[in-house]
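Below: one structure, written as structure tokens.
Computed from the coordinates by the stated procedures, all read-outs in this text should not be read as laboratory data. These numbers were taken from a predicted model, which means no experiment stands behind them. Glycine also receives a Cβ, built like all others from the backbone with ideal geometry; neighbour counts cover every protein chain displayed.
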Amino acid sequence: MNLAEYFPMWDQLTGDECAALERATTSRRAPRGTMLRSGAADCVGLILVRSGQLRAYMLSGEGREVTLYRLFERDICLFSASCMMASIQFEITVEAEKDSELYVIPADTYKKAMERSAALANYTNEVMAQRFSEVMWLIEQIMWKSMDRRLADFLLSESALEGGDSLRLTHERIANHMGTAREVVTRMLRYFQSEGVVELTRGEIRLTDRKKLGMIAG
């Protein structure tokens, strides 16, 4: 275990503070689909991603999802320990989008460490600010960007994540990421297919003209 990889200000902590965090940290495996946090009352602790991929999303009263951001290797999930931050009142769900290996620091242990270390508290605030910036970017996309541009951008981003032009994604899954209805995604993908930028088969979308898709995305 090397927590210094996750905290760039690790050398500013005292030996006792480092030891306390390391003693309390546990390892956890999260197979794909595992719910790591399912509401404000679910405070599992601070999650550090060793490998894999997590997804943080919000769920509307009607059951519609929208992806807020994703977490990758060496990322920190603060909202999984939101009980140590009284100002966080909204509901965020965190799931393992791929098979993942994690470190978990109990919320009370991390909160005590922040109270003792200004450097750790400042770094935590920086991570929180970054997450809120990502959420604000998403809100801007939803409010001001047309659905065809958002979908084209999403497909290109997914292609970059998966390292290829073939995406094993259902229309329902895309709708969940984008906070829209499956029918809207299906209609837009069929339009993209008619324009020759994607090819649709059961459970798979293949990008056939990345340049044109990039032009649509703007």
One can check that the equivalent ellipsoid of segment 57-140, built from the alpha-carbon gyration tensor with semi-axes equal to the square roots of five times its eigenvalues, has lengths in Å, largest first, of 23, 15, 13
Computed over segment 106-218, the relative contact order (Cα-Cα under 8 Å, seq sep at least six) in percent reads 25 percent
Around Gln141 (Cβ within 12 Å, Cβ-to-Cβ, excluding Gln141; K/R +1, D/E -1) the net charge comes to 0
Note on the chain: contact order normalised by length, alpha-carbon pairs under 8 Å, 6 or more apart, percent, works out to 21 percent
Phi angles of segment 136-146, converted by Karplus (6.51 cos²θ - 1.76 cosθ + 1.60, θ = phi - 60°) into ³J(HN,Hα) in whole Hz with x for Gly and Pro, give 5, 4, 4, 4, 4, 4, 5, 6, 10, 9, 5
Of all C-alpha pairs within the chain, those more than 27 angstrom apart amount in percent to 39 percent
With the charge dipole of the chain built from beta-carbon charges (+1 for Lys and Arg, -1 for Asp and Glu) about the Cα centre, the Cα from Thr93, Trp144, Leu3 projecting farthest to the positive end belongs to Trp144
A correct Karplus calculation of ³J(HN,Hα) over segment 117-132, with 6.51 cos²θ - 1.76 cosθ + 1.60, θ = phi - 60°, whole Hz and x for Gly and Pro, returns 10, 5, 5, 5, 4, 5, 5, 4, 5, 5, 5, 4, 4, 5, 5, 5
Largest fluctuation, Ile92, Ile205, Ile174 only, Gaussian network model of the chain with Cα springs under 10 angstrom, belongs to Ile205
Phi-derived 3J(HN,Hα) across segment 2-8 with the Karplus relation (6.51, -1.76, 1.60, θ = phi - 60°), rounded Hz, x for Gly and Pro, is 10, 5, 4, 5, 9, 10, x
Largest-first semi-axes in Å of the equivalent ellipsoid built from the Cα gyration tensor of segment 145-217 are 15, 14, 12
To the nearest 0.05, the calculated FRET efficiency linking Asp209 and Thr170 through their beta-carbon distance, R0 being 22 Å, is 0.50
Once both label points are put 7 Å beyond Cα along the C-beta direction, the Gln141-Ala118 separation in nm becomes 3.8 nm
Env charge @ Glu101, Cβ radius under 9 Å, K,R +1 / D,E -1, value +2
Excluding residues fewer than 8 positions from Lys145 in its own chain, the lysines with Cα under 21 Å of it are Lys211, Lys212
The alpha-carbon center of segment 1-80 and that of segment 124-190 are separated, in whole Å, by 22 Å
